[in-house]
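Take a look at the structure below.
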Amino acid sequence: MPPAGYGKTTLVTEWLHDVTRPVAWLSLDEHDNDPTRFLAYLIAALRQIDAGLGATTEALLQSPQPPPPEMILTSLINELAAISFPFILALDDYHVIRLPAIHQQHAFLLEHQPPHMHQVIVTREDPPLPISRLRARGQVEEIRQDDLRFTAGETAEFLHRVMGLDLAADEIAALESRTEGWAAGLQLAALSLQGQADARRFVQAFAGSNRYILDYLFDEVLQQQSAAVQDFLLQTSILDRLSAPLCEAVTGHSDSQHLLETFEQANLFIVPLDQSRSWYRYHHLFSDLLRHRLRTTQAQSHQQTGIVPSEALLHQRASQWYETEDNLPDAIQHALSAADQERAAKLISQVSRKMVGRGEIVTLLHWCRALPDEVLRAQPVACLDYSWALILAGQHDAAASCLRYVEQAAQDDVALLGETLSAQAQIARTKGDYARTIELAQRALSLLPQTDPQPRSLAALTLGLAYSDCGNMLAAEQAFMEADRAAQQAGGDSVRLMALAFLSSIQAARGQLHRSAEMARQALQLGRGLPALASVHSVLSALLYEWNDLEASAEHLRQALELSQHGGHLEVQLTAYRGLAWIKQAQGDAAAANAALQTADDLVR
């Protein structure tokens, strides 16, 4: 794939401008290495095609216990398939994505996307996607570095028509040869030549590797700008995206919109991100060089503007602006870049609860790990949510250590102490300490106020599971009913679904088959494809088997297996294969019954 400076994004944006089908454009950056955030941004981009797209998928994504990514993507693919016209999804700067889980999600989408959907991926390097398989099927077109090199004729046209330079043929040939058709090098050379009295001497001196050329030409271009413009370029280089209000907040320049539009007209390495020219970004090479220069010239005095502010101060200004715009993720990122750890911790505490609920665990873990322990512990709410993120990531010992500090800080905050005990109960259950789980969950419920139903529903669910694990079904039923009531108050469909699934199972064990079926069907209406429905389908299958409706019973087992395989619920799979064996035996198909039992045996092994 072509490296930086070969005009990949420019080529794609120009091509997309001329196509007749709708386009969803998503510009990626390094902060998008979070599977949940990536999917959320993907849905937001696709809504450029259809404003109502992704409603069901987004509900799954934002549920308290989101289903596996493949299930979420399957929902999204179904919604995409319902679109009646061809469209394009364009992903810019895909090379910044490093997380294997995101590449797996994207590969799944590529393999299953509807035929009227096409993707354009702009990247500096080959992504870890099934490109070879798509190539073998004839389903991919590739444009690589050699395709993007400027030929001699293209170089001449660019220098004459676009940059307005009148150069001799040998001078054009020299520039083309020394840049090897590299678009960024040619553009910098042309910008530099615009300020040269002796073009021939400049071209003769123009030599060296791409890195040398870039540094040399950058100096030439930057020195041609006024001191005020140089300051603006350096100070705004810390921003991944540029808008006039944001640039004004960072630099103090009241003419920021005019400057941005001037840069675009002058081909000064700026890329518009929307049709209204409200948001821009610098070309990545240009941005990298500006940031390097900022770090080396922060103390340099300029006659018109004084001393360039420190990089940390610029990040602080950006963080404050994003906070006023209620964009806390970007505010947090700039606070961390400014090494303003106390501010970052306070901002994290405002958004951490929502992030746990949305499943943005990777991002939350990254932020919290960037803070010193003493700073994070000074924000008990953020520390508690960090503990939940650790629990969901399977790092129980680290979560327990963090919760000890929250517990100390929560002695005067009854509600926070209750939530802390609930999290500790969840850790105890994962370790099989059911007595400890029951003790902690009961204490949590005694402390959590009735007016805060969401944490109460989680604590009650954990308590019910612990009682069920111990075989105390009466106590488990009472706990699950409490979890159901609290979840209804909180609007927590996922917790309520799990409570109903276990309540249905308890009713079936008591012989209350019709009551069990009623609760299970209620759960199915509520569940919308969540993994917890696997257990509900198993319960309904067993009931239908008792009522001799073997075909319906088998269909519910099929759905139970599909959901449990997505969710990795091994116990549900074993129950389903055992039930399938009973059904096949009752239908007189001994071979299929044995096959189902063999599959169950393989899973056990």
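Per-structure values
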read-out	value
The stretch 242-252: number of residues that are part of a loop (DSSP other than H, G, I, E, B) and surrounded by fewer than 20 Cβ atoms within 10 Å (Cβ to Cβ)	1
Unique residue being exposed (fewer than 12 other Cβ atoms within 10 Å of the Cβ) and on the phi > 0 side of the Ramachandran plot when the list is G153, G138	G138
Test: T462 is crowded, with 19+ Cβ neighbours inside 10 Å and either out of contact with any Asp or Glu (no Cβ under 9 Å at 6 or more places or on another chain) or modelled with pLDDT of 95 or more (or both)	yes
Helices (runs of 4 or more DSSP H) wholly inside the stretch 319-393 that include at least 3 residues being charged (D, E, K, R)	341-358, 373-377
Residue within the stretch 399-418 that is among the β-branched types (V, I, T), over 26 Å from D484 (Cβ atoms) and assigned to a helix (DSSP H, G or I) present	yes
Unique residue being open to solvent by less than 20 Å² (accessible area, probe 1.4 Å) and over 27 Å from Y467 (Cβ atoms) when the list is A382, A423, A398	A382
Residue list for the stretch 448-459, restricted to those being of a type in the set (S, T, Y) and surrounded by fewer than 23 Cβ atoms within 10 Å (Cβ to Cβ)	T451
Scope the stretch 356-379; condition under 26 Å from E58 (Cβ atoms), at pLDDT 90 or above and surrounded by 22 or more Cβ atoms within 10 Å (Cβ to Cβ); matching residues	L364, W367, C368
Close pairs from the stretch 255-281: first farther than 19 Å from L16 by Cα, partner open to solvent by 50 Å² or more (accessible area, probe 1.4 Å) and of a type outside the set (S, T, N, Q), Cβ under 6 Å, at least 6 apart	S256/E248
Residues satisfying the stated conditions in the stretch 108-124, i.e. open to solvent by 20 Å² or more (accessible area, probe 1.4 Å), aliphatic (A, V, I, L, M) and out of contact with any Asp or Glu (no Cβ under 9 Å at 6 or more places or on another chain)	L110
Restricting the stretch 77-92 to residues that are within 13 Å of I49 (Cα to Cα) and touching a Leu at 6+ places or on another chain (Cβ under 8 Å), the residue that is surrounded by the most Cβ atoms within 10 Å (Cβ to Cβ)	L80
Qualifying residues in the stretch 309-328 (those that are more than 19 Å from F232 (Cα to Cα) and surrounded by fewer than 18 Cβ atoms within 10 Å (Cβ to Cβ)) - the one nearest to the chain's Cα centre (by Cα)	N327
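The values are calculated or read from the model by the stated rules, or taken from the named source; none is laboratory data. Keep in mind it's a predicted model, so treat the numbers as computed, not measured. With ideal geometry, Cβ positions are generated from the backbone for all residues, glycine too; neighbour counts draw on all protein chains shown. Ligands, DNA and RNA are stripped out before the accessible areas are found, and what is left, the full protein with its side chains, is counted by its heavy atoms. Shrake-Rupley method; radii C 1.70, N 1.55, O 1.52, S 1.80 Å.
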